[in-house]
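Student: Starting off with a structure, shown below.
The values are calculated or read from the model by the stated rules, or taken from the named source; none is laboratory data. Predicted, not measured: the structure shown is a model, and the values here were computed from it. When we count neighbours, we look across all protein chains shown, and the Cβ atoms used for this are built from the backbone with ideal geometry, even at glycine. Areas reflect the complete protein model, heavy atoms only, side chains present, ligands, DNA and RNA absent. Shrake-Rupley method; radii C 1.70, N 1.55, O 1.52, S 1.80 Å.
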Amino acid sequence: LQLTSLQVSTQQSCILNPIEIKKHSSAQNMNSPKIIYIRPTIENCDPIKKYQISTPVQYSLQENPILYGGGRKWLISCSSPDFISSITGQDSSDLLVDLFAFNTSFIIWFNDLEKGLEISYLDIPAHAVRKNQLGQLELYIQMNYSNSGDQSPCLIEFSFTPKYWENDRYFNQDIEKLFTYEFFGLNKGSKMIFNTFNAIGKCSCFHNNN
């Protein structure tokens, strides 16, 4: 994919139609990424709006992570098929994932496999909104990754496209309790992309070493 009219700002997000990109700290967390087996739910995390209501004066340390954004039913594409297959045991083209941008970390949850990939924001050097070859908006994320024997980390690229857009209708078998309209508004299509993009940018600032 070709990025056009690209500019990078280390201080703030750069809005250039059709691309929005943000660059982060280049530090790396050696414990990231890691496989997790506990699905994020309303019982073990708090949406930011719910948390703000419960602590109106000031934020305080608490047990549950704070959810700033994300969404359901993303199609995932990865620059390293071997990396995805090592986690999932299958090709990424048929996988649907949920994304969670917490204050603590970023999670890619593989719905059919009941496991996820937890990534430190220190290992996300940049993320962007761009157009793919079909002209559709997508969320783009870079991740630093190294095996135990590697001397230096390599760069793995992810692209996420919503399976459903704003005007698409679909039946959800489960009642949504986390990404509700009350907490995140209309969280579909391009709105979900930009909501997640902005959430990653905000949470990355909590972990910036610069």
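Student: Contour minus end-to-end for ASN167 and GLN52, with contour as 0.36 nm per residue of separation and end-to-end as the Cα-Cα distance? Let's see the in-between values first.
Tutor: Numbers: separation 115, 0.36 × 115 = 41.40 nm, distance 3.05 nm.
Between ASN167 and GLN52, full extension yields an extra 38.3 nm.
Student: Under a crude label model (7 Å from the Cα following the beta-carbon direction), how far is THR104 from LYS202 in nanometres?
Tutor: Each label point lies 7 Å from its Cα, and together they span 1.9 nm.
Student: Taking LYS163 as the anchor, which lysines have their alpha carbon closer than 22 Å to its alpha carbon, excluding any fewer than eight residues away along the same chain?
Tutor: Straight-distance partners of LYS163: LYS73, LYS115, LYS131, LYS177, LYS188, LYS191.
Student: Further question on the same structure: Could you calculate the FRET efficiency of ASN44 with TYR145 from 1/(1 + (r/R0)^6), where r is the beta carbon distance between them and R0 is 22 Å, rounded to 0.05?
Tutor: 0.25
Student: Using the per-residue mean of other Cβ atoms lying within 10 Å as a proxy for protection, in what order, highest first, do the peptides 189-202, 35-48 fall? Mind dumping the intermediate values first?
Tutor: Details: 189-202: 20.5, 35-48: 14.9.
Most protected by this proxy first, the peptides run 189-202, 35-48.
Student: Using a 1.4 angstrom probe on the protein heavy atoms only, could you order LYS115, LYS177, LYS131 from most to least accessible area?
Tutor: LYS177, LYS131, LYS115
Student: To the nearest 20 Debye, how big is the dipole of region 109-210 about its Cα centre, given +1 on the beta carbon of each Lys and Arg and -1 on that of each Asp and Glu?
Tutor: Dipole magnitude for region 109-210 comes out near 360 debye.
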